[in-house]
Amino acid sequence: MPVLISATHGIHTPEDVVAVRQAVRQRAVELGFNLVDQTKLVTAASELARNTLQYGGGGAVLIEGIGDGLRRGLRLTFEDKGPGIADIDEALRGGFSTAGGLGLGLSGARRLSNEFQIESRPGEGTRVTITRWR
Amino acid sequence: MLTELFGQDDAAILQRWMDNQLAGSGFRPDRISRAELQENATQFLSAFRRALSSGSTDIHGADWAAVRHVLDVLSASRAERGFSPSETATFIFSLKQPLFDRIRGLHEKDGVKLADTTWEINQILDKLGLYTAEVFQRSRDAIIARQQQEVLELSTPVVALWDGILALPLIGTLDSARTQIVMETLLQRIVDSGAAIAIIDITGVPTVDTLTAQHLLKTVAAARLMGADCIISGIRPQIAQTIVHLGVELGSVVTKATLADAFRVALQRTGLAVQKQLPHERKPPAERDRTSGGSEA
Ligand SMILES: Nc1ncnc2c1ncn2[C@@H]1O[C@H](COP(=O)(O)OP(=O)(O)O)[C@@H](O)[C@H]1O
Ligand SMILES: [Mg+2]
């Protein structure tokens, strides 16, 4: 799938999480997503960016507008070099949190996207990729 | 020796330095007066002279404390007044020329001494220039942090809508710092006013994620402990859908689409109602003025 536009944003402070939300919203608007889909993308991005900061010790997100002649989409890849997730199934089960959170960020981000991939190895880091199609 | 630089005709150095500053692009007559500049320069030179005579060239050491103090005050005040970093550092760098000229006058016949002394002074002034820029940057950061704090406090109003009914319109990003302040303000006002109902309106909040939702739920729970029921209003359709997808349970929290809907519920709960008057029940304007105690024209 050809990449139309791409940009990387560092995630190291709470202000960066806000900046990621704004960047994702702007890209979603440019790609012609409707208001409901924009909101879903921004909210999923907010969850994953905060996890990157809170658990991954900071990292970055790659924001890509992708598409071919038939369809267009927004792909977000969050990456950190933090402790990783020991049990991915457990983390994806709604309600599980190691930090007193609601534990609905990862599972929520998955439900808010069309495609969801997660790779994580203890001690090496975590990469979460979500895509939403228009 | 660097101590030789001063001691005779120091006024000339000050004069040259002032001329350089006044002529350079760093001089901002709109932000600083000539008299203040002269005072800064005089203070600096006297502290600088004493520091040099200590023999130490470590500008971070105890012998240079007075010099650093002058620069701290100067940089902070310039940051406050909107100078740029380079305008601020020019204060130091424009002293190079008068000092180099003085060194040339002193060591005209001794090329090695001329070069060595110039190099030494140059290094000290560069370090002081950097120091100035660093203090300036720290001051700017502090100003920005303070302004952000002011914004946080400004944008969390708690409005009394009616006896016992408070409204809390939230506007902007609900990051943790702000949410903490919002919660504390709201809970304090509930205690102070003995309100029975608090309406939290999130029309102005662009994103409601699980952290925002958790903060809202905590606020509602805490308010309940203080004897007040909360209503969350301003949940736009796209936010409502997203909250459902996130799997967040709002439980027993009452939610309404608009602040007006929430206000209606609040009035009902406190046993009040807004009623439309029939035409024959309305008093003519003139009579209304008189009965409400308005002064006679
Ligand atoms: N990038 C990450 N690195 C390490 N652990 C993570 C990462 N993202 C999520 N986790 C783990 O998964 C759990 C669930 O995350 P999430 O669903 O966002 O809920 P919450 O953030 O409320 O705990 C977290 O508590 C944390 O232990
Ligand atoms: Mg999370």
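Since every read-out is calculated from the coordinates, none of them should be taken as a lab result. This is a predicted model, so every value here is computed, not measured. Don't worry about glycine lacking a Cβ; one is built from the backbone with ideal geometry, like all the others, and counts go over all protein chains shown.
What is the helix-to-structure angle for A:35-54, meaning the angle in degrees between its Cα long axis and the longest Cα principal axis of chain A, kept from 0 to 90 and rounded to the nearest 10?
Long axis of A:35-54 versus the principal axis of chain A: about 30 degrees.
Counting partner chain Cβ atoms within 10 Å of every residue's Cβ in B:202-211, what's the average?
Per-residue shielding by partner chains comes out at 6.
Could you give the alpha-carbon Rg of chain B over 2.2 N^0.38 Å, rounded to two decimals?
For chain B, the normalised Cα radius of gyration comes out at 1.72.
Starting from the 7 Å offset along Cα-to-Cβ, what nm value, one decimal, do you get for the label separation of residue B:65 and residue B:144?
3.2 nm
Report, to the nearest 10°, how far helix B:176-193 tilts away from the longest principal axis of the Cα atoms in chain B, using its own Cα long axis and a range of 0 to 90°.
Value to nearest ten degrees: 50.
What translational D, rounded to a whole number of µm²/s, comes out for the range B:136-269 from Stokes-Einstein when the hydrodynamic radius is the Kirkwood one over Cα pairs, at 37 °C and 0.692 mPa s?
The calculation lands on 212 µm²/s.
Just need the Rg to Rh number for the range A:11-53, please, alpha carbons only, Kirkwood Rh.
1.00
Relative contact order of the range B:2-150, please, whole-number percent, based on alpha carbon pairs below 8 angstrom and at least 6 residues apart.
Averaging sequence separation for qualifying contacts and normalising by length gives 31 percent for the range B:2-150.
Top mean-square fluctuation among A:13, A:77, A:43, Gaussian network model of chain A, C-alpha springs under 10 Å?
Its mean-square fluctuation being the largest, the pick is A:13.
Can you sort B:53, B:75, B:25, A:107 from fewest to most other Cβ atoms within 10 Å of each residue's own Cβ?
B:25, B:53, A:107, B:75
I want to check a number: in the protein assembly as shown, how many lysine pairs have alpha carbons closer than 27 Å, given a sequence separation of 8 or more or different chains?
Within the protein assembly as shown, the lysine pair count is 9.
Quick one: divide the alpha-carbon radius of gyration of the range A:1-83 by 2.2 N^0.38 Å and tell me what you get.
1.08
Neighbour counts of other C-beta atoms within 10 Å: give me A:3, B:70, A:20 arranged from fewest to most.
Going from least to most buried by this count: A:3, B:70, A:20.
If R0 is 45 Å, what FRET efficiency do you get for residue B:100 and residue A:26 from their C-beta distance, rounded to 0.05?
According to the calculation, E is roughly 0.30.
So what's the angle, to the nearest 10 degrees on a 0 to 90 scale, between helix B:259-269 and the longest Cα principal axis of chain B?
Tilt of helix B:259-269: around 50 degrees.
Can you give the FRET efficiency for residue B:35 and residue B:191, using 1/(1 + (r/R0)^6), R0 = 51 Å, r = Cβ-Cβ distance, to the nearest 0.05?
0.45
Report the normalised scattering of the range B:1-124 as log10 I(q)/I(0) at q = 0.09, 0.11, 0.16 Å⁻¹, calculated by the Debye formula with identical scatterers on the alpha carbons.
-0.26, -0.38, -0.80
Between residue B:162 and residue A:134, how high is the FRET efficiency from 1/(1 + (r/R0)^6) when r is the Cβ-Cβ distance and R₀ = 56 Å? Nearest 0.05.
0.75
With contacts defined as alpha carbon pairs under 8 Å and 6 or more residues apart, what's the relative contact order of the range A:45-134 in percent?
Relative CO of the range A:45-134 lands at 32 percent.
Within chain B, which is the longest segment containing none of the GluC sites (Glu not before Pro) that sit in a DSSP loop and have at most 14 other Cβ atoms within 10 Å?
B:109-248
Determine, for B:90, B:258, the number of other Cβ atoms within 10 Å of each Cβ, and report the residues in order from fewest to most.
B:258, B:90
The range B:97-146: which trypsin sites (Lys or Arg not before Pro) are DSSP loop and have at most 14 other beta-carbon atoms within 10 angstrom?
B:109
Based on alpha-carbon positions alone, could you give the equivalent ellipsoid semi-axes of the protein assembly as shown from the gyration tensor, as √(5λ), descending, whole Å?
59, 36, 20
In nanometres, what is the gap between the two model label sites at residue B:260 and residue A:71, each 7 Å from Cα along Cα-to-Cβ?
About 4.0 nm, to one decimal.
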